[in-house]
1. May I ask you to sort Met1, Met32, Met264, Met358 by Cβ crowding, counting other Cβ atoms within 10 Å and putting the fewest first?
2. P(r) tail for the chain, what percent of Cα pairs lie past 34 Å?
3. Normalised by the number of residues in the range 159-301, what is the relative contact order in percent for Cα pairs under 8 Å and 6+ residues apart?
4. What length, rounded to one decimal in nm, is gained on full extension from Lys33 through to Glu56, with 0.36 nm per residue of separation minus their alpha-carbon distance?
5. As a check on your grasp of the helix formula, calculate [θ] at 222 nm for the chain: sum -39500 (n - 2.57) over DSSP H runs of n ≥ 4, divide by the residue count, round to the nearest 500.
6. Search the structure for amide H atoms under 5 Å from the amide H of Ala367, placed 1.01 Å from N in the peptide plane, and list their residues when 5 or more places away or on another chain.
7. Between Gln186 and Leu64, what length comes free when the chain is fully extended (0.36 nm per residue of separation minus the Cα-Cα distance, one decimal in nm)?
8. Relative contact order for the range 2-158: what is it in percent, counting Cα pairs under 8 Å that are at least 6 residues apart?
Amino acid sequence: MILLVLAIDLLAALLSCGVIVLNARSAVEVEMKAALANVELLVSDTIDLAQSASPETLLQTLRLRVQGLRHVRVTVLDASGAVVPAPSPRLRRDQHDPPRWFVALIAPATRQHELPIVVQGRSIGTARITTQPRDEIDEVWGYAVSLSLASLLVSLGLLAALYVAFGRVLAPLTQVADGLTQLERQDYTARLAPPASRELAIIAARFNSVAQALSETRAANGRLNRQLLSAQDDERRATALELHDEFGPCLFALEANAASVIRMAGAVAAPDRAKLTQRAEEISTIVGQVQTLNRDLLNRLRPHALGQVPLPDCLVLLLRDFTRRHSGTDFAGAFDGLGSGYGDVTDLTVFRCIQESMTNAVRHGRAGRVTVEAHEEAHARLVITVRDDGGGIAPDHRVGLGLSGMRERVGALGGTLVLDNGWPGTVVRIMIPFGSERSEDTSAIPDA
Ligand SMILES: Nc1ncnc2c1ncn2[C@@H]1O[C@H](COP(=O)(O)OP(=O)(O)OP(=O)(O)O)[C@@H](O)[C@H]1O
Ligand SMILES: [Mg+2]
C-alpha cells in the first residue's frame with residue numbers, strides 16, 4: 001500500500017512538473033513580449049523628451065533610464081556603432097541559478113530589436129533591445145523548488161502517517177496469524193489481547209472463544225479417554241469377580257457332586273439309586289445356573305440377539321431382562337413404530353442408550369416405573385424416549401461414562417441426546433438419523 005501511495009505521489013509530482021513547465025513557458029513568453037513593448041515605448045519616450053539635449057547627453061540619459069530593466073537588455077550604440085558604457089553593472093536580484101536543462105525547457109527564443117535613435121532628423125545611434133528571460137526563469141525555478149520542497153514534506157508526512165496507521169492495523173492481524181499458527185500446532189492456550197480497533201476486536205473475541213472451545217473439547221476428550229480406560233478395567237474386574245464368585249462355587253459343587261457319583265459307582269455295595277438321582281438333579285440344577293450366568297455375562301458383553309432378531313424384539317427381551325432383575329420396578333415399552341433394523345451400529349446405539357437410561361433410572365432415580373418408547377419419524381429419524389418417575393436429575397449431577405458414552409454414540413451418528421427433568425422423574429430424549437450408516441465408516445465406534 002505504501003509503495004502504491006509512493007507511486008501515485010511520483011505520478012502527481014511528474015504531472016505537476018509538466019504543468020509548471022507548460023505554464024512557465026507561456027508565462028515567460030507573454031512576459032517577454034510585454035517587456036519588449038514597454039521598453040520600446042520607454043526608449044522612444046526618452047528620445048522624444050530629450051530632443052534638445054546633445055547627442056552624448058541623450059545617449060547617456062537613455063543608457064541610464066534603460067539600465068536595470070527586467071526581462072530585457074538594452075545596449076545603446078553611438079553613431080559609430082560603439083557601445084555606450086553603463087555607469088554601473090546591472091544588478092540581478094533573487095538569483096536561484098536554475099540548472100541548464102530547466103532553462104532550456106522554459107526559455108523562449110531570444111528576440112532582438114534595433115531602434116534607431118533619431119534627433120532632429122539625424123541618426124545619432126541605435127538602441128539594441130534583447131529579451132532576457134533569465135530573471136523570469138529564475139523566479140519560476142525558485143517557485144518550483146519551494147513547491148517541490150513543500151510537496152516533498154507533505155508526502156513524507158503522509159507516508160509516515162500511513163506507515164503508522166498500517167502498523168496499527170496490521171499488528172493485530174499479525175497477532176491473529178501467530179495465534180492461528182499456535183492452534184495449528186495444537187496449542188489451544190493461544191489467546192489474543194483485544195486490539196484497539198472495534199472490527200478486529202470482534203475477530204479477536206471469536207478467535208479466543210474458538211481456542212477456548214478447542215481446549216474444552218480436548219479436556220473432555222482426555223476425561224473420556226481416562227473414563228474409558230478405567231471403565232475397561234472396571235469391566236474386567238467385574239467379569240473376573242463374577243467368574244470367581246458365581247462360577248467358582250458352581251464348578252466346585254459340580255466337582256463335589258461328580259466325585260460323589262464316582263465314589264458311589266466305585267463302591268462294592270450297589271449304589272443308592274435315590275442318592276444317585278439326587279446328585280444328578282443337583283448337577284442339572286447347577287448346570288442350569290451356570291447357563292443363566294453365562295447368558296447374562298455374554299449378554300452384558302454383547303447383546304447376542306442383536307442382528308439375529310428384529311430390533312423391537314431385542315428391546316422387548318432387554319425390558320424382560322430388566323423386569324427379571326429389578327423386581328421393584330415396572331418396565332413398559334412401545335416399539336410398534338420401529339423397523340426391524342437400521343444397521344449394526346444404529347441398532348447397537350439404540351440398544352445401549354435404552355439400556356443405560358433404564359439402568360440410570362433404577363440406580364439413580366429409584367424409579368417405580370420406566371416407560372420406553374421408540375418410533376420412526378419423518379425425514380428418516382428415530383426418536384427414542386425413556387421416561388421414569390424417580391427422583392429426577394440433581395442440579396449438580398456429574399457426567400459419568402454412561403451419559404458421555406451415550407452422547408458419543410448418538411453424536412457419531414449425527415443425532416442428539418437431551419437429559420431433562422420430567423416432573424416427576426427424568427426423561428431422556430434421543431434423536432438419531434438413519435439411512436446413512438452404510439455409506440459411512442462407523443467401525444470406530446466402540447461397543448463399551
Ligand atoms: N434417570 C435418572 N434419574 C436421576 N439421576 C440421573 C438419571 N440419569 C442420570 N442421572 C444423574 O446423572 C449422573 C450421570 O449419569 P451417568 O450415567 O453418566 O453416570 P453414572 O450412572 O453415575 O455412572 P456410569 O459411568 O456407571 O454410568 C448420575 O450420577 C446421576 O446423578
Ligand atoms: Mg449410568
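1. Working: Met1 11, Met32 21, Met264 16, Met358 24.
The most exposed by this proxy come first: Met1, Met264, Met32, Met358.
2. Working: 67736 of 100128 pairs.
Roughly 68 percent, once rounded to a whole number.
3. Details: 62 pairs, mean separation 21.5, N = 143.
About 15 percent, as a whole number.
4. Working: separation 23, 0.36 × 23 = 8.28 nm, distance 2.95 nm.
Net length gain for the segment: 5.3 nm.
5. On the way: 10 runs with 258 residues, N = 448.
Rounded to the nearest 500, the figure is -20500 deg cm²/dmol.
6. HN-HN under 5 Å from Ala367: Val362.
7. Values: separation 122, 0.36 × 122 = 43.92 nm, distance 9.37 nm.
Using 0.36 nm per residue and subtracting the Cα-Cα distance, I get 34.5 nm.
8. Values: 176 pairs, mean separation 42.9, N = 157.
RCO, the range 2-158: 27 percent.
No value in this document is a laboratory result; all are computed from the given coordinates. Bear in mind the structure is a predicted one, so any value in this text is a computation, not a measurement. Every residue, glycine as well, gets a Cβ built from its backbone with ideal geometry; the counts of neighbours run over all protein chains shown.
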